[in-house]
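The values are calculated or read from the model by the stated rules, or taken from the named source; none is laboratory data. Just so you know, these numbers come straight off a predicted model, no measurement behind them. A quick note on method: Cβ atoms are made from the backbone with ideal geometry, for glycine too, and the neighbour counts reach across all protein chains shown.
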Amino acid sequence: MNQIKNIVEALLLSSGEPLSADRIHKIINSKESCTKADILEAIDTLKIDYENKEIEVSRVASGYRIQAKSTINDFLNIIYADKTPRYSRALMETLSIIAYKQPVTRGDIESIRGVSVSSSIMRTLTDRNWIKIVGYRDVPGKPAMFSTTNEFLDYFGLEKLSELPDLPDIKEPQNLSLDLEPDMADEVTQVSSEQLN
């Protein structure tokens, strides 16, 4: 069992992408006899091994990966400061709308945001493989409908969409009546009449 655990650890550390338990099983089983239960047990053992370390085995949409714990993000930010891509607010708003309202069309996104969505934003999200076309709405023009991908979930450390944080409650503004105090109303009337003269 220790040998399988060591192989699983090496595979997860070496892979540039998350690996599913099925994929790990296929890889190891091609050289050594093991069951899927052995793989899952090895992953659980690794999780215990890492409890007192700054790394962890994390499960995301595409499978398992070994990653640094969030407790050392301040140190990682120094390493990746120049390498971390900066995304515009418009891009992040667009991605958020797709994530929370999927499947959506560009028209849906524009309706929610109140502005048009640039082609470069949609191209960036598609190039990152964070969104994909999942069909076409049956209306004139047949607009494409977009949804997020497993790569989106992996990037943000999520296993499924239900793990997205809840949207904050948007409260309607209170006391929107513009009742002016009597003195203020007189001043406004006086200014208005002066402007007319």
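If you go through segment 120-127 one residue at a time, do you hit one that is surrounded by fewer than 16 Cβ atoms within 10 Å (Cβ to Cβ), among the hydrophobic types (A, V, I, L, M, F, W, C) and modelled with pLDDT under 95? No, the conditions are met nowhere in segment 120-127.
Taking the options Gly135, Gly141, name whichever one is out of contact with any Ser or Thr (no Cβ under 8 Å at 6 or more places or on another chain), part of a strand (DSSP E or B) and at positive phi.
Numbers: Gly141 fails: part of a strand (DSSP E or B).
Checking each option against the conditions leaves just Gly135.
May I ask you to verify whether Leu95 is assigned by TED's automatic domain parsing to the domain that holds Ile121, out of contact with any Pro (no Cβ under 7 Å at 6 or more places or on another chain), within 15 Å of Tyr155 (Cα to Cα) and in contact (Cβ under 8 Å) with a residue 12 or more places away in the chain? When the stated conditions are applied, Leu95 passes them.
Of all residues in segment 136-161, those being more than 14 Å from Asp108 (Cβ to Cβ) and in contact with a Pro (Cβ under 9 Å, 6 or more places away or on another chain) number 2. Of the residues making up segment 67-87, just one is of a type in the set (A, V, I, L, M) and assigned to a strand (DSSP E or B), namely Ala68.
Conditions (1) touching a helix residue (DSSP H, G or I) at 6+ places or on another chain (Cβ under 6 Å); (2) under 16 Å from Tyr155 (Cα atoms); (3) buried (at least 17 other Cβ atoms within 10 Å of the Cβ); (4) not aliphatic (A, V, I, L, M), marked per residue:
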| position | (1), (2), (3), (4) |
| --- | --- |
| Ile7 | yes, no, yes, no |
| Ala10 | no, no, no, no |
| Thr45 | yes, no, yes, yes |
| Val60 | yes, yes, yes, no |
| Gly63 | no, yes, yes, yes |
| Ile66 | yes, yes, yes, no |
| Asp74 | no, no, no, yes |
| Ala81 | no, no, no, no |
| Ser88 | no, no, no, yes |
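When Gly107, Gly141, Gly157, Gly114 are checked against the criterion of being within 30 Å of Asp22 (Cβ to Cβ) and either modelled with pLDDT under 95 or of a type in the set (Lys, Arg) (or both), Gly157 stands alone in meeting it. Checked against the criteria, Ser147 does not count as closer than 23 Å to Ser62 by Cα, in a helix (DSSP H, G or I) and not assigned by TED's automatic domain parsing to the domain that holds Ala61. Which condition breaks for Glu17 when tested against (1) crowded, with 16+ Cβ neighbours inside 10 Å; (2) in contact with a Lys or Arg (Cβ under 8 Å, 6 or more places away or on another chain)? Failing condition for Glu17: (1).
Please verify whether Asp108 is outside the structural domain of Met145 (by TED's automatic domain parsing) and either within 28 Å of Ser147 (Cβ to Cβ) or among the acidic types (Asp, Glu) (or both), treating the condition exactly as stated. So Asp108 fails the test. Which one of these is at pLDDT 95 or above and out of contact with any Asp or Glu (no Cβ under 9 Å at 6 or more places or on another chain): Tyr87, Tyr64? One residue alone meets the criteria, Tyr64.
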